[in-house]
1. Between the alpha-carbon centers of the range A:200-225 and the range B:73-109, tell me the distance in whole angstrom.
2. Which of these, A:272, A:81, A:264, has the largest mean-square fluctuation under a Gaussian network model of chain A (Cα springs below 10 Å)?
3. Nothing charged except the Cβ atoms of Lys and Arg (+1) and of Asp and Glu (-1): what's the magnitude of the dipole of the protein assembly as shown about its Cα centre? Round to the nearest 20 debye.
4. Summarise the partner chain shielding of B:96-105 as one whole number: the mean count of Cβ atoms from other chains within 10 Å of each residue's Cβ.
5. Please compute the Kirkwood hydrodynamic radius of the range A:163-257 from all pairs of different C-alpha atoms, in Å with one decimal.
6. Let me check I've understood the local charge: for residue B:222, count other residues with C-beta under 14 angstrom from its C-beta, Lys and Arg +1, Asp and Glu -1. What total comes out?
7. Using 10 Å bins from zero, what percent of all Cα-Cα pairs in the range B:138-196 falls into each bin?
8. Rg(Cα) of the range B:12-153 divided by 2.2 N^0.38 Å?
Amino acid sequence: MKLNPAYAVGLAALVALPFAIRAVFPGSEKYYLHIVIQMLLWAQIYTGWALMGRFGLTSLGHGAFTGIGAYVTVMLWNFAGLTPLIGIPVAIVVAVALALLIGYPSFLQRIRGHYFALLTLAMVEFVRLCIVGLRDFTGGSLGTQPARYGDGISFYAVQFEADRMIAYFVALAVWLAGILVWVRVDRSMDRFALEALGQDEEAAAAVGINVTREKLKITALSAAMCAFGGAIFAQYQMYIGPDTIAGFGVSLNIVFGAVAGGIGVMLGPTIGALFTQLLSEGLRMFFQGSVTLNAMFGSRVLSLDTLIYGVLLVLFIIHMPRGIVGTAMEYWRKHKRGS
Amino acid sequence: MLAVEGLVKMFGGFSAISNVSFRVGKGEILGLIGPNGSGKSTTFNCIAGLYVPTRGRISFEGHDITGKPANAICHAGIGRTFQIPRPFHKLTVLENVALAAWFGQNRTVNREQCWRQAAEALELVGLPTTPETTTEGMGAAALKKLELARALASQPKLLLADESLNGLDPSEMNQAADMLEMIRRERGITIVWVEHIMGVLMRVVDRVVVLDHGEVIYDGDPHGAQSNSAVIEVYLGREAAKREEARP
Ligand SMILES: Nc1ncnc2c1ncn2[C@@H]1O[C@H](COP(=O)(O)OP(=O)(O)OP(=O)(O)O)[C@@H](O)[C@H]1O
Ligand SMILES: [Mg+2]
């Protein structure tokens, strides 16, 4: 695979970034690194969602897959002593199994569009109810933590949160893996098939495409990526809760981030993650700083951001359906042609 | 090669085709004609696996293919075009056709071969093979050609061409007729050609099957059809009546 020089430069910049942060913000490097790490981890998850979302397979339930990735990994570690090195693959298998269980009958019955979205919504709620119901293990809606292993830096326990530098490079690797999966799909014949069936399933079947199988393949891949992302996110946060990694709020966040960035282009979901990270940090500071809002909502002020995401999502879908990156690319292309 | 026996397709209580039987021999160009709404496209859609027939049996090269899904029918060697072209707008023209070469042959060819076959199919129908060409702004005639190229790229043994040539002018119609003849000559593909205007088709077909109200009313020599009283009555008669109406 040939590497575009621009990408090589970008990648070098990403490798240098933590050192630059350390040099520029010696006192608060932990905070800035934390933001960047979270952004990279979400970027991988958004990319995983957009893998299928870009073809009109709109899932409002990917929080179920990130949740399964996080919870299965941590439960196996906490209660069976199973290393996440095995636990994460197991979690991925469970997530893929759920994806196929939901996907197969709905694709066979040609459930599409809004109906498919509603079905996935039911799926994420089901997973959340399971998590809350098993509160003796999962800690219910309060969440729980993976048992800390040694000094918190361990390959065996896949724990790396204690060292932000290591965490950064783990996140970078996870994100890069996600991008590589995207590129592979993008260059495959399956992408053509998915574009085709996203527009017209009957015409796609007429040229020999097994519509159900193509949809299942991309759904399974997407679920696997999000489960992996959820697991790594849990290992980084060293905390799992239904609201932070498993619920509908997470699903909405994923959809919003990916759509805002642009689901049809490689770096769209990544820019979307940058956007949501900056937005949520900005909102957090604004809410905490605002006396009036705090007086009105108390500590619940922080959950206002979900509402704002919802409103922004609607605005993006109406006014900028190609997202930030898609719109920017189109603008650039027009200008190039015009001049 | 293809045998359709007692085919029935109901939509709710309405039977779009009520009893259709015909055979297609290897190497033949068969014209399937009939007035608007007589059930030609429905017959095609049953053969091509888009619809599951209510009753009847369809066999291709000795295998029963009744009710098989569209992709399996395509893999078995039956290519089809849609009456109203259904190009994939998000893909370029070449990609539209390459996709059909790849999936139509059930991924049995390698990628290079598949791009070459796509270019060959486009050349055959006379469309540009440049990778940048998009479907944007393509006219009715060009879109029809793209439909054909896509069907051909899957290397079918039998081509079901649903060509209602309504949107085309007489010279374009003649071109389309020449093209089907040329496809058989170059590729040795058996063709069933759907049409509702008799004139253009008579020149090229070996045999015609005439449908009316979902039933076969004539099966045989094209010249015989033009002098068959049943055909004249339901078909040409109606056409003639229409022409009368259109006259000021
Ligand atoms: N999906 C459908 N649902 C209900 N009725 C249908 C459907 N498809 C076709 N029909 C009806 O079945 C009859 C046959 O339609 P069909 O499209 O096969 O005719 P046709 O011979 O192809 O006509 P044309 O020359 O206009 O293309 C028509 O009365 C049509 O309205
Ligand atoms: Mg028709």
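Where a number appears in this text, it was derived from the coordinates with a stated rule and is not lab data. All values reported here derive from a predicted model rather than from experimental measurement. Cβ sites come from the backbone with ideal geometry, for glycine too, and all protein chains shown count toward neighbours.
1. 15
2. A:81
3. Computed charge dipole of the protein assembly as shown: roughly 940 debye.
4. Taking the mean over all residues of the peptide, I get 5.
5. Computed over Cα pairs of the range A:163-257, the Kirkwood hydrodynamic radius comes out at 15.5 Å.
6. -4
7. Distribution as computed: 23, 59, 18 percent.
8. Rounded to two decimals, the normalised Rg is 1.14.
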